Amino acid sequence: MNHELDFPAGIWEAFAKSRPPVRCSPGYLIYLQNTEATCFYYLKSGKVKSFLQSEDGGERVLNIYRAGNLFGEASFFDELPRVSSAIALSSCEIVPIDRELVTQEFARNPELALAMMKYLARTVRLLSGQVDQMAFRPARWRVANYLLTLSTQTGTVSCTQEDIAAAVSASRVTVSRVLSDFSQAGWIALGYRTIALLEPERLKESCTL
């Protein structure tokens, strides 16, 4: 779920200028579902995963964040317990953003406050879209859409089949079959923890069928 495509590059760096980043090792749990949100975060480097966890231990990936992203902001602003958890997927540098820092930066740059409102509205819209696709779309559509959403400028996606299965609410066997179909068609190339999108336009076409 990448909803920063039309935001100016580096727009959130203002939050990181006045405070040093916190370094996290892979596997570090940054925040936990149902806890108080006293801050949100700017990801200066590395990758972070946000996810939901059910009472029986099941996991549903919500997003993979990369350098330059914000995360954990929704619960911070509505002042309710966090609806998800976040964990470092790699060595990371994160900058905690508390109310003092937010107030300071918004006062200095009102345009940043307007951008944040747009960012939060976009989050709601895309989460609603996720609910729609999980409820009504076939697995093939969900996998193709997920790959397109996470694709970088180089056309690669860094994730495992387990990550995809958790994110699109499908079994690993189903995801494996869909990826195999895409690979045999020449649309993607499967690697170790990576997927290269060779024919992204064909994947987009499959999402409109």
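The values are calculated or read from the model by the stated rules, or taken from the named source; none is laboratory data. For clarity, every value in this text was computed on a predicted model and none was experimentally measured. Please note: Cβ atoms are built from the backbone with ideal geometry, for glycine as well, and neighbour counts cover all protein chains shown. When the accessible area is computed, the model is the full protein with side chains, heavy atoms only, and any ligands, DNA or RNA have been set aside. Shrake-Rupley method; radii C 1.70, N 1.55, O 1.52, S 1.80 Å.
List of remarks:
- Approximating the spin labels as points 7 Å out from Cα along Cα→Cβ, the Thr123-to-Thr38 distance works out to 1.9 nm.
- Under the simplified labelling scheme, the Leu29-Leu190 pair shows an inter-label distance of 3.2 nm, with each label point 7 Å from Cα along Cα→Cβ.
- Highest-first arrangement of 34-47, 174-187, 108-121, where packing means the average Cβ count within 10 Å: 34-47, 174-187, 108-121
- Over the chain, the alpha carbon radius of gyration divided by the compact-protein estimate 2.2 N^0.38 Å works out to 1.05.
- Rel. contact order, % - alpha carbon contacts under 8 angstrom, at least six apart, the chain: 21
- Of the DSSP H helices in the chain, those whose Cα atoms cover at least 15 Å axially and whose Kyte score averages -1.0 or more: 110-136, 139-150, 172-184
- Stretching Glu55 away from Asn109 to a fully extended chain increases their span by 15.2 nm, per 0.36 nm per residue minus the current alpha-carbon distance.
- Solvent-accessible area per residue for the chain (1.4 angstrom probe, square angstrom): 53
- Remark: segment 195-204, residue by residue, has Karplus-estimated 3J(HN,Hα) of 9, 9, 8, 7, 10, x, 5, 5, 5, 4 Hz, where x stands for each Gly or Pro and the curve is 6.51 cos²θ - 1.76 cosθ + 1.60 at θ = phi - 60°.
- Extension gain (nm, one decimal) between Leu198 and Ser158, 0.36 nm per residue minus Cα-Cα: 12.9 nm
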